[in-house]
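**Q** Mind having a look at this structure? Questions to follow.
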Amino acid sequence: MSAVRVLYFASLRDAAGQGEETWTTDAPDLRALYVELRARHGFVLPVDRLRVAVDGAFARWDDALLPGSEIAFIPPVSGG
């Protein structure tokens with residue numbers, strides 16, 4: 001089991017009802033973590049529409065999950 005701090009932005013924050021949480025998981029990689037959290041919070045965005053960052057640096061979805069990391073899920077942002 002790994003405990004990580006997860007940050008949510010924009011529509012993900014709205015769906016989760018919070019900007020961050022600590023989550024304990026057996027997920028082997030970042031993709032599996034998002035799938036778990038998507039089921040928990042009802043996120044509608046698929047992985048291929050998001051960026052993921054670990055400890056402040058962009059990461060790949062198949063990167064291993066490291067205990068104590070800060071994971072940020074970043075949806076597309078629209079603006080004008």
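**Q** Starting from the exponent 0.38 and prefactor 2.2 Å, build the expected Rg for the chain from its residue count and divide its actual Cα Rg by it. If you can, show how the numbers build up before the last one.
**A** On the way: Rg = 11.6 Å, N = 80, 2.2 N^0.38 = 11.6 Å.
Dividing the Cα radius of gyration by 2.2 N^0.38 Å gives 1.00.
**Q** Then there's this: Run the dipole for the chain about the Cα centre, Lys and Arg Cβ at +1, Asp and Glu Cβ at -1, nothing else charged, and hand back the magnitude in debye, nearest 20.
**A** Computed about the Cα centre, the dipole is about 240 debye.
**Q** Around V44, what is the net charge, scoring Lys/Arg as +1 and Asp/Glu as -1 over all other residues with Cβ under 15 Å from its Cβ? Don't skip to the answer; put the middle values down first.
**A** Working: positive: R13, R38, R40, R49; negative: D14, D48.
With Lys, Arg at +1 and Asp, Glu at -1, the neighbours total +2.
A short reminder: the numbers here are calculations on the coordinates, not readings from a lab. Predicted model only: the values in this text are computed from it and were never measured. Note that each Cβ is placed from the backbone with ideal geometry, even for glycine, and that neighbours are counted across all protein chains shown.
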